[in-house]
Amino acid sequence: MQRWYIGARVEASNLGESRSASSVRRPRVLLVEDDPAVAALLVASLPQFEVSARGSAEEGLALAEAEAFDVVLTDLHLPGFDGIELCRRLADHLPDLPVIVLTAHGRLDTAIAAIRAGAFDFLVKPPAIPALIVALERAVRDRALRDEVRRLRVATRELSPRRDLVGESPPMKRVYELVERVAESDASVLLTGESGTGKEVVARAIHCRSKRQAGPFVAVNCAALPGTLLESELFGHTKGAFTDARAAKTGLFALASGGTLFLDEIGEIPSELQPKLLRALQERQIRPLGATKEVPIDVRIIAATNVDLQGAMREKRFREDLYYRLAVIPIELPALRERGNDVLLLAQHFVEHFAKRMSKPVRGVSPAVAERLLAYGWPGNVRELQNCVERAVVLTRLEELGVEDLPEKVRDARRPAAVLPEGDAGELVTMDEVERRYIRRVLDAVGGNKTIAAKVLGFDRTTLYRKLERYGLNGDERA
């Protein structure tokens with residue numbers, strides 16, 4: 001009874017060669033057919049699919065729960081329970097897996113029973129091979145759509161409203177240059193920097209500029225889960241792999257296939273899990289919990305941490321070989337306090353974002369608010385700035401944010417020399433002179449870009465040009 005499995009198993013054994021020759025993965029089909037001759041014919045007739053065959057519904061169900069397939073093709077009449085019952089059980093345990101039923105009797109009542117049991121399609125046996133291929137391809141596309149919905153659920157987290165990079169400071173320009181240079185490669189990237197500096201934003205920017213941009217971006221926080229659960233999340237598990245494993249689960253490595261897997265807080269990954277992660281990166285294949293064989297993976301790894309991994313390696317808390325696998329391309333993100341006047345550009349962006357979300361007519365920040373934002377140290381970095389601006393937009397009743405809208409610690413931040421020239425802190429000047437000097441300072445901060453300066457100041461361009469003329473700044477090289 002087992003001899004006719006050989007053809008399908010030989011084909012599966014060549015999977016490594018076919019994948020190395022082509023980056024396109026052949027869809028996996030589970031064929032459940034008790035007639036060896038029919039099974040051999042179908043395997044030979046479907047070279048564009050990777051077909052694994054089983055001779056009974058019970059064996060087919062066990063294999064479907066142990067491995068990942070794109071579609072099941074099953075005969076109606078089988079030893080033990082039949083194809084209709086197999087449909088029901090697969091619908092209960094693997095509801096996203098489409099099933100196509102084959103039967104020698106094309107009766108309407110049989111077709112209705114199959115569809116009610118959860119079958120995706122119903123074909124008369126023996127099927128015309130072109131029609132069978134079309135049905136399989138439709139089922140694979142349906143499965144891909146379902147997988148995409150699941151991937152999005154996994155990947156969707158509390159995103160920064162900024163989906164790309166913002167800032168003009170020299171440290172950020174160096175980051176932009178690295179992002180553009182490494183995006184097209186598949187090399188692993190390690191993002192380091194303080195918490196809140198925008199590591200996930202940079203990871204998404206790399207993904208969106210890469211050849212994998214059409215694939216999923218799947219993110220996981222390695223510090224949020226204990227070791228056993230994290231292992232299951234990353235690698236998946238088979239049914240019965242542990243006490244609560246009532247059904248097979250696809251891991252994030254598999255869900256990210258063709259795209260990018262973002263391992264946030266990688267410095268917190270348990271030491272007992274590090275060897276398995278290292279092997280996955282080295283061999284480009286994984287073994288789900290409870291499985292008996294390796295599964296190839298096609299995914300780019302971007303990791304991030306705010307932990308000193310060099311120190312962790314010295315203390316034997318992080319494997320040195322794993323570090324060098326992850327840090328093929330290291331990118332360090334600067335703290336917001338090191339980015340100079342990027343804080344004004346980011347604040348303006350967040351004002352526009354939250355004003356639109358809340359349907360409030362807020363246009364920008366007042367000069368006094370800009371001064372406080374520049375004076376504050378931002379220990380929470382961009383994340384803290386985002387929170388601060390969101391709070392201010394909620395509270396403000398005006399068209400520009402005022403000092404009273406800021407959190408107290410930001411409101412109390414002072415930098416007197418920011419307005420008056422150095423050495424003139426005791427100088428008493430008119431409000432016009434204060435405004436003139438502040439406009440010059442903002443123009444300096446944004447490199448003379450009048451459009452951005454107008455947004456930061458809360459003016460329209462006409463008002464800014466009128467003030468530049470009034471204060472004699474039109475001929476100033478900084479203007």
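Each reported figure results from applying straightforward, stated rules to the coordinates on display, with no laboratory input. Worth saying up front: this structure is predicted, and the values here are computed from it rather than measured. All Cβ positions, even for glycine, are placed from backbone atoms using ideal geometry, and neighbour counts span all protein chains on display.
So the values come out like this:
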quantity: Peptides 459-465, 251-257, 265-271, 53-59 ordered by average Cβ neighbours within 10 Å, highest first; calculated: 251-257, 53-59, 265-271, 459-465
quantity: Packing-based order for 126-132, 322-328, using average beta carbon neighbours within 10 Å, highest first; calculated: 322-328, 126-132
quantity: Centre separation in Å (Cα based) which lies between the stretch 353-376 and the stretch 271-316; calculated: 42 Å
quantity: Shape call, the stretch 295-366: gyration tensor on alpha carbons, a/c limit 1.5; calculated: prolate
quantity: Calculated FRET efficiency for the pair ALA187/GLU58, C-beta based, R₀ 51 Å, to 0.05; calculated: 0.65
quantity: Length added when fully stretched, ALA224-GLU177, from 0.36 nm per residue minus Cα-Cα; calculated: 13.8 nm
quantity: Kirkwood Rh and Cα Rg combined as Rg over Rh, evaluated for the stretch 270-331; calculated: 1.00
quantity: Förster radius 45 Å - calculated FRET efficiency between ARG209 and ASP96, Cβ distance, rounded to 0.05; calculated: 0.90
quantity: Simple Cβ-charge dipole of the chain, Lys/Arg +1 and Asp/Glu -1, about Cα centre, in debye nearest 20; calculated: 560 debye
quantity: The chain: relative contact order as a whole-number percent, Cα under 8 Å and 6+ apart; calculated: 11 percent
quantity: The chain shape via C-alpha gyration tensor axes, a/c threshold 1.5; calculated: prolate
quantity: Gained length - GLU85 relative to ILE112, 0.36 nm times residue gap less alpha-carbon distance; calculated: 8.4 nm
quantity: Interatomic Cα distance distribution for the stretch 170-334, bins of 5 angstrom, percent; calculated: 2, 9, 18, 22, 20, 15, 9, 4, 1, 1, 0
quantity: Per residue Cα convex hull volume in Å³ - calculated over the stretch 338-470; calculated: 113 Å³
quantity: Candidate lysines - alpha carbon under 29 Å from LYS211, same-chain residues fewer than 8 apart omitted; calculated: LYS173, LYS199, LYS249, LYS276
quantity: Acute angle (nearest 10 degrees) that the helix 83-93 long axis makes with the longest principal axis of the chain, alpha-carbon atoms; calculated: 30 degrees
quantity: Among GLY80, THR103, LEU464 the positive-end extreme of the charge dipole of the chain (Cβ point charges); calculated: LEU464
